[in-house]
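For reference, the structure discussed in these notes is given below.
No lab work stands behind these numbers, since they all come straight from the coordinates. If you're wondering where the values come from, they're calculated on a predicted model, not measured in any experiment. For neighbour counting, all protein chains shown are included, and Cβ atoms are generated from backbone atoms with ideal geometry for every residue, glycine included.
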Amino acid sequence: MENTIRDLDVKGKKVFLRVDFNVPLKEGRVADDTKIRAALPTISYLLEGGAALIVASHLGRPKGQVKEELRMDPVARALEGHLGRKVKKTEAFSGEPLKKEADALKPGEVLLVENIRFHPGEEKNDPDFSRELASLADYFVNDAFATAHRAHASTVGVGEYLPAVAGFLMEKELQYLLGVLKDPQRPLVAIVGGAKVADKIELLKNLLARVDTLLIGGGMANTFLKASGFDLGASLLEEDKVALARELIALAREKGIPLVLPKDLVAAKELKEGQETQVVPADGLPRGYMALDIGPKTVEDFAGYIQKAGTVIWNGPLGAFEVAPFDRGTAAVAREVAASPAVSIIGGGDVVAAIHKAGLAEQMTHISTGGGATLELLEGRELPGVAVITGGGGNK
Ligand code: ADP
Ligand code: MG
């Protein structure tokens, strides 16, 4: 397992803390502070332990250039509000000015570094920039789980030159997500939805090696239904993935794992609000209609597995949830997951948004803060930002 901040004595030390403060901005303010709040336990713990904190994050995609609209000032103000103490924000993101500010930092003080992706060396994982960041501090703490699938200077490179450990958010994400893969409470039921099979091939394969049941919905279910011989009409469909879907169905059968497809679908002529909709059996999509959500029989079917599950892992919404009423299937299944005694782990940008929209986030065991990182972890890949805290360079 990774080393964590619990293993450190940070009293009087400087800590370079990488967080994911890549928050949405609106009119110069932080529009959603979920990511800032998620890092607070780590920040508070380190400050209470007597550390001087140099906090860094990226914001948006400045691609190695200074972009005025992507400066970290609104983030500094939001963080200050949460911590109830002053947060100094640097103008610099490298060089002597940054070094000076870091050197002057005292225990209990927080310095927020300007958008780290303003530096062209960040995304290149440039060794010189990594060494420079490392020279600012005594320890590297990585709490940026959502950026852990990227090998950048501030997420990985810096850890080559400093003892590197995980923050609490990183620890929690790994505990739940790796726990699901390694030693879940069984039965382990996976729900996979979303737009495309193409995005989820590795995920589906990895899950089929581990789960007891695989429930499939959303746009990707169309390709599986087509592989089962049904006509999906005008629905979102990947013709070039039908053969793969057929292979996955065969693989599941071989392993004796139920791969459960929608029994019924909510269909409409267009993906627009206020459409006339029909609930139809999966093999009875009317001409000119497309499948935009799972139907009530499917919800009931899925619910049977969810109620008996020890663990539910869910990625991808089960319908085009952004447009009413095609959010209903996802919301109904989310209520079943919330009501089930199973450990529930939700990962994926859109399914997390759908569950927030349904007002059920509080009732899930763990909502992952990662999008791409969560998906890659569940695909069974080793993430560079995780590798660095499980024995990378500075830890040796
Ligand atoms: P996640 O971010 O949770 O991993 P994805 O990005 O794979 O999920 O997929 C989310 C998208 O899939 C949403 O924009 C949603 O509208 C779309 N989607 C789900 N079901 C359907 C469907 N039946 N038809 C069209 N789009 C769908
Ligand atoms: Mg998505």
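Over segment 260-396, what relative contact order in percent results from Cα pairs under 8 Å that are six or more residues apart? The partial results should precede the final answer.
Values: 218 pairs, mean separation 24.4, N = 137.
Answer for segment 260-396 is 18 percent.
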Over segment 307-356, how many percent of alpha carbon pairs lie in each 5 Å bin up to the one with the longest distance?
5, 23, 32, 23, 12, 4, 0
At LYS182 and ALA92, where each label point lies 7 Å from the Cα along Cα→Cβ, what is the point-to-point distance in nanometres?
4.1 nm
With unit charges on the beta carbon (Lys/Arg positive, Asp/Glu negative), name the residue among GLY288, LEU265, ALA309 whose Cα is farthest towards the positive pole of the charge dipole of segment 186-341.
ALA309
Relative contact order, percent, segment 318-393 [alpha-carbon distance under 8 Å, six or more residues apart]:
24 percent
Any idea what the relative contact order of segment 186-341 is, in percent, if you count C-alpha pairs under 8 Å spaced at least 6 apart?
29 percent
Once phi for every residue in segment 62-69 is put through the Karplus expression 6.51 cos²θ - 1.76 cosθ + 1.60 (θ = phi - 60°), the whole-Hz ³J(HN,Hα) values, with Gly and Pro written as x, are x, 6, x, 10, 6, 10, 3, 6
I need the shape label for segment 31-141. Rule: rounded when a/c is under 1.5, else prolate if a/b > b/c, else oblate, with a, b, c from the alpha carbon gyration tensor.
oblate
Quick one: length gained pulling GLN175 to GLU48 fully straight, 0.36 nm per residue minus the C-alpha distance?
43.3 nm
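Compactness ratio of segment 131-199: Cα Rg over 2.2 N^0.38 Å, N = residue count?
Numbers: Rg = 16.3 Å, N = 69, 2.2 N^0.38 = 11.0 Å.
So the Cα radius of gyration is 1.48 times the expected 2.2 N^0.38 Å.
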Rounded to the nearest Å, the spacing of the alpha-carbon centers of segment 202-222 and segment 289-345 is 14 Å
Over the Cα atoms of segment 75-192 the radius of gyration and the largest Cα-Cα distance (Dmax), both in Å, equal 17.1, 56
Please report, in whole Å, how far the alpha carbons of the chain spread along each principal axis, starting with the longest.
70, 43, 37
Using only Cα atoms, what Kirkwood radius does segment 186-341 have, in angstroms?
15.3 Å
For segment 255-278 and segment 55-78, what is the separation of their C-alpha centers, rounded to whole Å?
41 Å
With the label point 7 Å along the Cα-to-beta-carbon line of ARG253 and a cut-off under 12 Å to each amide N, the hits in segment 279-296 are none
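How far, in nm, would the chain grow between GLU300 and LYS99 when pulled straight, counting 0.36 nm per residue and subtracting the alpha carbon separation?
Details: separation 201, 0.36 × 201 = 72.36 nm, distance 5.96 nm.
Answer, rounded to one decimal: 66.4 nm.
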Too-long pairs where the Cα-Cα distance tops 20 Å, listed order kept, from LYS200/LYS241; LYS26/LYS67; LYS67/LYS124; LYS205/LYS297
LYS205/LYS297
Per-residue ellipticity at 222 nm for the chain, helices alone: DSSP H runs ≥ 4 residues times -39500 (n - 2.57), over residue total, nearest 500 deg cm²/dmol?
-10000 deg cm²/dmol
Theoretical FRET efficiency, 1/(1+(r/R0)^6), r = Cβ-Cβ of GLU382 and GLU27, R0 51 Å, to 0.05
0.80
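Helix by helix, which DSSP H runs in the chain go 18 Å or more along their axis at the Cα atoms and have an average Kyte-Doolittle hydropathy of -1.0 or more? Numbers along the way, then the final one.
Details: long enough: 34-48 (22 Å, 0.47); 168-182 (20 Å, 0.53); 242-255 (20 Å, 0.53); 296-308 (19 Å, -0.69).
Long hydrophobic helices here: 34-48, 168-182, 242-255, 296-308.
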